[in-house]
Amino acid sequence: MCTRSQSLTVGFLLLVLSALGAAAGEAQTFPTRSLKIIVPVGAASTADVIARIVADRLTQVWKQQVLVINRPGGGGVLAAQAAAASEPDGYTLFFGLTSTFVVLPETNDKLPIDLRRAFVPISLVSEQPFLIAAASTLGVNTLSDAIALSKKKPDGLLYAANFRGSLPHMAGELFAARAGIKLTHVPYPGIAPALNDVISGRIGLIVETMPGLSGAVASGTVKPLAFAAARRLPEFPDLPTVSETIAGFEASGWFALMAPGGVSDEILQKLNRDLRNVLEQSELQRRFQTLGTYARPLSPPETVSFIRSEQDRWRPLVRELAKTL
């Protein structure tokens, strides 16, 4: 005969098993409705382009619409707050940028959200080296030409990059310091207004990644000068690296898809499996590579380790440059 205590124990175990079974079933059928990916920068920016490629592929896999929602402003804080405040059910995701998780926490000690605790990484999406390019009206053909021209001007050159404290901004400041020149950062909320000012000649240089600049480069209105990669990219063999002019210079951005903290492990693993399958598609990788972007699917723990290593690598530089922000 079962005692009351034994009956309660058995009942509790049955409830736990039932809950686990329900969670597993939910993961197997997920998703059953449309999803959204919140991107912390404007339309046509690098992050937006990559996010839309991924969203399109996931839509095909899930047979559910994956919408991209642009929420620029606050250095990524507005988008992060919106994503973190959503239900942790896997239907609202956040497209994390390097600058949001590496730069922002080091340059603002009064953030309204704890970025390191608000999200659970699903997987890294891609890495891409920054490109330094010039307005065609500037009359320079190489990075050395741009450095020499800047040295001739009392106030140096203006350069366009994303918001203050973003990684493109930091990369531009590092380039100026290493080149021994003066550059003045002009912040933009997205690539479209920045390109307008570069193409018109109001701004001399721009620090971005190839996806946002590919159209302007193809039309000849913007002149690519150098990639901040460790070596020349196979898709752009004629384009030199910054390190060919400034030894050891590298600066790359990355994107990671994240879920609000509290999402179930079953849903997290389902998201990771499906995203990794998408990122491992050879057609997607070829499309990424033509844009100077390189897919890098990882497990959730591997993504956590990668982000921590990036934070450690950039922290000294970010803190030093933050003094001038």
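The values are calculated or read from the model by the stated rules, or taken from the named source; none is laboratory data. Keep in mind it's a predicted model, so treat the numbers as computed, not measured. Cβ placement follows ideal geometry from the backbone for every residue including glycine, while neighbour counts extend to all protein chains displayed.
Among the numbered conditions (1) at pLDDT 95 or above; (2) more than 13 Å from Val120 (Cα to Cα); (3) in a helix (DSSP H, G or I), the only one that Thr303 does not meet is (2).
Report, by residue number, each residue of the range 278-295 that is surrounded by 20 or more Cβ atoms within 10 Å (Cβ to Cβ) and within 30 Å of Leu174 (Cα to Cα). The answer is Phe288, Leu291, Gly292, Thr293, Ala295.
Annotation note: of Ala80, Ala51, the sole residue that is in contact with a strand residue (DSSP E or B) (Cβ under 6 Å, 6 or more places away or on another chain), surrounded by 16 or more Cβ atoms within 10 Å (Cβ to Cβ), outside any strand (DSSP E or B) and modelled with pLDDT of 95 or more is Ala51. Inspection of the range 98-112 identifies no residue that is in contact with a strand residue (DSSP E or B) (Cβ under 7 Å, 6 or more places away or on another chain), over 16 Å from Phe255 (Cα atoms), in the same structural domain as Pro300 (by TED's automatic domain parsing) and not in a strand (DSSP E or B). Inspection of the range 202-210 identifies at least one residue that is crowded, with 19+ Cβ neighbours inside 10 Å and among the acidic types (Asp, Glu). Evaluation of Thr59 against the conditions (1) in contact with a Ser or Thr (Cβ under 6 Å, 6 or more places away or on another chain); (2) assigned to a helix (DSSP H, G or I); (3) among the polar types (S, T, N, Q) shows that the sole unmet condition is (1). If only one of Ala171, Ala228, Ala192, Ala177 is without any contact (Cβ under 8 Å) to a residue 60 or more places away in the chain and outside the structural domain of Ile307 (by TED's automatic domain parsing), which one is it? From the options Ala171, Ala228, Ala192, Ala177, the qualifying one is Ala177. One residue stands out in the range 95-119 among those that are in contact (Cβ under 8 Å) with a residue 40 or more places away in the chain and in contact with a Pro (Cβ under 8 Å, 6 or more places away or on another chain): the one that is nearest to Asp265 (Cα to Cα), namely Phe119. The set of residues in the range 268-277 being surrounded by fewer than 21 Cβ atoms within 10 Å (Cβ to Cβ) and either modelled with pLDDT under 95 or of a type in the set (A, V, I, L, M) (or both) consists of Leu268 alone.
The single condition among (1) out of contact with any His (no Cβ under 9 Å at 6 or more places or on another chain); (2) surrounded by 20 or more Cβ atoms within 10 Å (Cβ to Cβ) that Glu87 does not meet is (2).
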